[in-house]
Every structure is written in structure tokens, then in C-alpha cells.
Amino acid sequence: MLRNVNIINFLNINDILYDIIGIGKVRDVNFMLLLAKSVLAIFIGFLVSVIFGTFFVPFMRKKKARQVTSKFVKAHKAKSGTPTMGGLIFSVSTIIAIAAMFITKKMTITTNLFIVLFVFFGYGLIGFVDDYFKIKYQSNERGLTRLQKFCAQVVIAIIFFYLYIKSGADTSLEVAALNIHISLGFLYGFFILFMLVGTSNAVNLTDGLDGLAGGLSLICFLIYGMIAWNSPYLSGSEDIAIFCFILTGGLLGFLVFNGHPAKIFMGDTGSLALGGTLATIAILTHREFSLIVIGGVFVLETLSVILQIASVKLRGKRLFPMTPIHHTFEKLGWIEEDIVRLFYVVGFILGAGAIVYTIWV
């Protein structure tokens, strides 16, 4: 009997100590609520994506919204005629999921989240128009010109920068590990444009194998969702984290249809939206340079193209059998599924290393 009393007294004293010296229990409750909300966000994004994709893929096939594969990649000739604009699957699912979370008061639309949504749908619209003309004229050369795309991206970057400045956000670059702090002022607008254009093109270049760009983007958004979780200095950080998890679920659902053999391609509708949004979240969380590691595979794909072009112009011969680099693996005899698995593993290791350093260390 005495032992039971002592145990009860100990538990009561423990509760009192929690109240006096800290807010550990409150933190535990808040963490569990956020964790539950994040899991719910992934589930809703996945469920809506799969349901929408089940109807959307046959619809696009019926409308003959087909993509013509590159004539330079002979191994993909059999894929020619596969429906495209698959990026609409996770884009629409994201709209529906966010609307559901907003209506049920599980998230709020802050200025920073509005910027993320603006870039996500703005870049998605650029890709959609590009895909539409390619489908209409059945040619990859008949989409938007580079100048048209760039002008549209400049407009989005200007609006982004305006909203960013109005919110009172910091316009400096910081690398804590190297003790670097550079104030850019209005030049930060050009940095935003560089990040948006560079990352969207990187994801677009990577979108060459079934499930490759979608799976790597899923890993990136999952990581950035965790980083946003741990960014209390960022206004609306929790809502941005929830957005990342919703999109993670949407991409997981998209892979049901885009995994090998792909029933639908992502198209520029998806790749431009994903790249622009990744850059936006990296900027808002002030983890700009972490994108080089978290999106390391995208960086390698882009570097392979840049080095190939430089080598041809300077040396008159190729550095790789074919670029982006995933095509080199194909030339070496690797099967598509093995290349995608390898790149997933590399992407996961890079992302895990980045999150350990960013959040833990």
C-alpha cells in the first residue's frame, strides 16, 4: 500500500516539476498534433491523387494528349504516344487537399504560404501552356520558346520578390558553417530569379525516366517539410510544412501512374511547378544552399549537361555518351528501373545527410 502511495506521489511531483521548470508536456502534445496533421496531409494528398489519377489518365488517353519522345533516345521509342500533363494529378490533388485542410481549419493561408502556392501554380501554368502546344502540334519543338518561358518566369520572380519584401523578410544569404553573411538588398530579387529558373530547369532535365523526377521530388519535399517544421523564425512555418507533406502524398499517388511502365508522363506542367516550388521553399526557410545537397541528383543531372556542352565546344568531343547523365547509364546497358532505384538511393542519402546537419547538428 505504501509503495502505491509513493508511486502516486512521485507522479504528482513529476507533473508539478514539468509545470515549474519547463513546457515539456506541452511540447510533446504540440509535436504529436503536428505529426498527426502531417501524416493526415500525406494521406489526403495520396488518396486524392490516386482517385483523380484513376479518372484523369483514361481521359487524357481518350483525348490523345500524347507526348512524342525525343528522336535521340531510341530506347524510348516505344514510349512515344504515352499521355502527358501528368503533373496535373498532384497539382489538382494539392488544391483539393489544401482546400479541405483550410475549410476544416487545419491550416491557414499566410503570406509565405501564398508565395509558395503562387509559384507552384504559376510555374505549373507555364508548363501547362508549353505542354498544350506540344500536344496540339505533336512536336517537342512547337512549345513555348525559351524567351517566352523566361519572360513568364521573370514576372513570377518580380511578384515573389515584392511579396517577400512586403512581409519584412531578410534579403541576405547566410552560411552558418562558414560564418558567411552577405546582405544583397534589391539584388536578392535576381537571386530569387536565378534559383527559380535554375531549379525548375534542373527538375525538367531529370524528367527523362519513368518515376525519376517524381520520386526524387517526393524525397526533397519530405525533407523540406521537416526543415519547415524546425523553422520557428519563419511566419507560417507549420502551414508550409503541411503543404510539403500534402505534395509529398500527391507525388506518391502520382507515382502509381508514373512508375515503370509509365501510364502518363509528368510533362512540363509538373516538372516546372516542382522545381520552382522547391527553390521557393529553400528561399523562405533560408536554407538556399541546402538545396544543392537535398536536390543533389538534380544538380548532377544539370552539371552533366553543362559539362557536355562545354566539352563539345572546347574540345570538339563528348565527355559523356549522352546527357542528362541518366541516359549515360542507359547507354552503358543499365535497365531503366535499376537507374531510377540508384538515383532514389543517392537522393535519399543526400537528403538524410542534409537534414541531419540542418536540424540536428
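The values are calculated or read from the model by the stated rules, or taken from the named source; none is laboratory data. Values in this document were obtained by computation on a predicted structure and should not be read as measured data. No Cβ is skipped: glycine too gets one built from the backbone with ideal geometry, and neighbour counts run over all protein chains shown.
Descriptive notes on the structure:
- Residue in the stretch 204-222 that is over 20 Å from GLY87 (Cβ atoms), surrounded by 15 or more Cβ atoms within 10 Å (Cβ to Cβ) and touching a Ser or Thr at 6+ places or on another chain (Cβ under 8 Å) present: no
- Checked against the criteria, THR280 does not count as over 30 Å from VAL116 (Cβ atoms), β-branched (Val, Ile, Thr) and in contact (Cβ under 8 Å) with a residue 12 or more places away in the chain.
- Unique residue being small (Gly, Ala, Ser), at pLDDT below 95 and surrounded by fewer than 17 Cβ atoms within 10 Å (Cβ to Cβ) when the list is GLY225, GLY185, GLY189: GLY185
- Positions within the stretch 149-166 being surrounded by fewer than 14 Cβ atoms within 10 Å (Cβ to Cβ) and farther than 19 Å from LEU187 by Cβ, in sequence order: CYS151
- Hits in the stretch 119-139 - residues which are among the aromatic types (Phe, Trp, Tyr) and over 22 Å from the mean Cα position of the chain (by Cα): TYR132, PHE133, TYR137
- Within the stretch 210-221, one or more residues are over 15 Å from ARG287 (Cα atoms), at pLDDT below 95 and either in a helix (DSSP H, G or I) or acidic (Asp, Glu) (or both).
- No other residue among GLY189, GLY168 is over 20 Å from the mean Cα position of the chain (by Cα), part of a helix (DSSP H, G or I) and not hydrophobic (A, V, I, L, M, F, W, C) apart from GLY189.
- Whichever residue in the stretch 102-118 is outside any helix (DSSP H, G or I) and over 24 Å from ILE165 (Cβ atoms) and, among such residues, is nearest to the chain's Cα centre (by Cα): MET107
- Enumerated helices (runs of 4 or more DSSP H) restricted to the stretch 242-361, each holding at least 3 residues that are under 14 Å from THR206 (Cβ atoms) and either at pLDDT 95 or above or not basic (Lys, Arg) (or both): 267-284, 296-315, 325-331, 336-355
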